[in-house]
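The values are calculated or read from the model by the stated rules, or taken from the named source; none is laboratory data. Owing to the predicted nature of the structure, the values given are computational and were not obtained by experimental measurement. Every residue, glycine among them, receives a Cβ derived from its backbone with ideal geometry; neighbour counts consider all protein chains shown.
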Amino acid sequence: MSKSSRNVMGFDGGIHPSTDGKSLSSGSAVRQAPLLDRYTVVISESVGKPPKPVVKAGDEVKKYQLIAAADGFVSANLHSPTSGKVVGIVDVPGAMGTPVPAIQIESDGKDEPCEPMPALEWRTAPVSDLLKRISDAGIVGMGGAAFPTHVKLSPPPEKEVDTLILNGAECEPYLTADHRLMLEQPGKVLEGAAIAARILGVKNIFLGVEINKLDAIEALNKHAAEFGVTVVGLKVQYPQGSEKQLIMAITGREVPTGGLPMDAHCVVQNVGTAAAVADAVIRGIPLVERITTVTGEVVKNPGNWMLKLGTPVIKAIEFAGGVTEEPGKLIMGGPMMGFAQRSFDVTICKNSSGVLLLPVSESVAYGSTSCIRCGRCVQGCPMNLLPCLLGNVIESERFDLAAQNHVMDCLECGSCAYVCPAHRPLVQHMRRAKAEIRKRKK
């Protein structure tokens, strides 16, 4: 198989959102955000157990200094995004709608780093050292899942992984952070992929990119052979960036019901995660900032910014010139899988891929009616589920029937709700059922 773009690949199901919104920011090169007076760094920024703070009010800290230590294997370190003084630990609005504890740091204006971790020669360093470095750097999945990367790169011995897939699809409307990363720093993304592949001990490395990013595909292909990576052009089809759909499109393998990518002998990582791995191993720096798309029709200058963790969203919007009119909705992430916010006081975290402001005209109140059995949700579901049936049994609180009809396989991608002419809150139904089923299993 040649180390270049193959035929365009896709999967069954999925949808094509009528508004892509990517042109608002795709032509905007990544800009470094100016230094702020204060950062509010949410402590729990990954799946698993929250890290334990190792600083207190009044402590002086340097950029890259550890401020919260991982508490167990499935946990992630947290580091200071700048130099200054710890104000304290406070509760702030979280992206999921509940208050969360955060470490507030008052900047000293110097942005002075502490001594970086020593660089590692990844081609010869012991795999255990590479994994430890990724863990020490606090790297998590930056595509949204925020799963600790060192855990994902440590599959159990009985799971034979032979393929690494990098997710550069960025199928979510409006978001272009991954696009700009691949276009501007293709070498870093590819080297991070090669590091992850060495840890996993695999030779098959694929990087999937939707073909609406042909400039990024071209940039990646200039360096792909050097790192043994095959760049795969993917259909523009939502949710192409979902792990199970990526695996099917690229390898033809199906992740079994209730299974994980490693059950299809694959590991999937986001391109932003790969770049962070390269920074940690080669430059010795932890994850303290990320590229975030700040966009929407009401944003004056939509674009992509390198934002430090703990940056208030209201400041990110100011970097983009503010708004042209009163927004109707603030979403962290994209319009399909992102979460609407009640406050502009939420802050940028490791998995904050986008800040989206929608106009009032696109923020109408949700008005659900009865299912009309049109079947559009069935056609659109990328997991071949029956969302119409699931919605009805969940409304009747028959969670046993929801489990029997594989609700746990739902991606929560929103395709069903998007195409539903009855405007049924199908994603909310699925989330409710999954939470109830998990609760009852405990």
Of the listed residues (284, 322, 258), the one being among the small types (Gly, Ala, Ser) and modelled with pLDDT under 95 is 258
Among 214, 220, 200, 207, the single one that is surrounded by fewer than 17 Cβ atoms within 10 Å (Cβ to Cβ), in the same structural domain as residue 175 (by TED's automatic domain parsing), among the hydrophobic types (A, V, I, L, M, F, W, C) and at pLDDT 95 or above is 214
I need the full set of residues from the range 364-384 which are touching a helix residue (DSSP H, G or I) at 6+ places or on another chain (Cβ under 8 Å), modelled with pLDDT under 95 and of a type in the set (A, V, I, L, M), in order please.
383
Under 9 Å between Cβ atoms, at least 6 apart or on separate chains: pull out the pairs that start in the range 111-130 with a residue that is on the phi < 0 side of the Ramachandran plot and end on any residue that is of a type in the set (Phe, Trp, Tyr) and surrounded by 13 or more Cβ atoms within 10 Å (Cβ to Cβ).
113/64; 114/64; 115/64; 116/64; 117/64; 130/122
Residue 13 closer than 29 Å to residue 411 by Cβ, assigned to a loop (DSSP other than H, G, I, E, B), in contact (Cβ under 8 Å) with a residue 60 or more places away in the chain and in contact with a strand residue (DSSP E or B) (Cβ under 7 Å, 6 or more places away or on another chain):
no
Residues that are surrounded by fewer than 14 Cβ atoms within 10 Å (Cβ to Cβ): which helices (runs of 4 or more DSSP H) entirely in the range 86-186 hold 1 or more of them?
127-136
When you look at residue 50, is it surrounded by 14 or more Cβ atoms within 10 Å (Cβ to Cβ) and in a strand (DSSP E or B), yes or no?
no
Within the range 385-442, how many residues turn out to be in contact with a helix residue (DSSP H, G or I) (Cβ under 9 Å, 6 or more places away or on another chain) and of a type in the set (Ser, Thr, Tyr)?
2
Select, from 44, 26, the only residue that is surrounded by 16 or more Cβ atoms within 10 Å (Cβ to Cβ) and either in a strand (DSSP E or B) or touching a His at 6+ places or on another chain (Cβ under 9 Å) (or both).
26
In the range 334-372, residue surrounded by the fewest Cβ atoms within 10 Å (Cβ to Cβ) [restricted to those that are in contact with a Ser or Thr (Cβ under 6 Å, 6 or more places away or on another chain) and of a type in the set (Gly, Ala, Ser)]:
354
Looking at the range 68-82, which of its residues are surrounded by fewer than 22 Cβ atoms within 10 Å (Cβ to Cβ) and not in a loop (DSSP other than H, G, I, E, B)?
69
Does the range 306-324 include one or more residues that are more than 26 Å from residue 77 (Cα to Cα) and aromatic (Phe, Trp, Tyr)?
yes
So residue 377 ticks every box in (1) of a type outside the set (A, V, I, L, M); (2) out of contact with any strand residue (DSSP E or B) (no Cβ under 9 Å at 6 or more places or on another chain); (3) exposed (fewer than 14 other Cβ atoms within 10 Å of the Cβ) but one. Which box is left unticked?
(3)
Against the definition (touching a residue at least 60 places away in the same chain (Cβ under 8 Å), buried (at least 19 other Cβ atoms within 10 Å of the Cβ), touching an Asp or Glu at 6+ places or on another chain (Cβ under 9 Å) and in a loop (DSSP other than H, G, I, E, B)), how does residue 19 come out, yes or no?
no
